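S.K.: Starting off with a structure, shown below.
Read-outs: derived from the displayed coordinates by stated rules, not from any lab. The structure displayed is predicted, hence computed values, not measured ones.
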Amino acid sequence: SIPIRVTRDRREGDATLIGMEFRIVDTAGFEDDDPDTLPGRMRIQTQAAVANADVALFMIDGRAGVVPLDEEIARWLRGSTTPVVLAANKAEGRAAETGVIEAYALGFGEAVQISAEHGEGMVELFEALRPLLEPEEAVEDVEEEPAEAADAPLKIAIVGRPNAGKSSL
């Protein structure tokens, strides 16, 4: 049988944000369902993407605020070893103020307020990601690093409930 790729599959691509280059994995979303269902398979793909990423970008819908599924995702991400940056998408204007304040309760500090649709908050997102992707330590032991690790692209996995980041970065 031919595998059918639906819109809920994860997507990968090379990206640049203000000169920072990385590989981005837009996950299928995170839903709590049986692994034999489409939402269950989406969750498995999301878990694999985060496990293989250098950073997880946890996207919430700033207008909708924090919902129970966001809280479940936050519990799961806090248990992973992947560093997390929290972003509140759709944060343009005053409509997202309450959602951004609620985001503190997720345990990842202040949410980076962005509007992917309007390109707002990209400098702030860059500043939040930079310390995780470009450590400020001097690389003195370059010869000790495996060559393939030094050449491997940095990976960011975008995770959240479906449609929280509906407008692509």
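S.K.: Suppose the chain between A48 and M20 were pulled fully straight at 0.36 nm per residue; how much longer would it get relative to their current alpha carbon spacing?
M.R.: 7.7 nm
S.K.: Starting from the Cα-Cα distance between H118 and V67, subtract it from 0.36 nm times their residue separation and give me the gain in nm to one decimal.
M.R.: Numbers: separation 51, 0.36 × 51 = 18.36 nm, distance 2.37 nm.
Using 0.36 nm per residue and subtracting the Cα-Cα distance, I get 16.0 nm.
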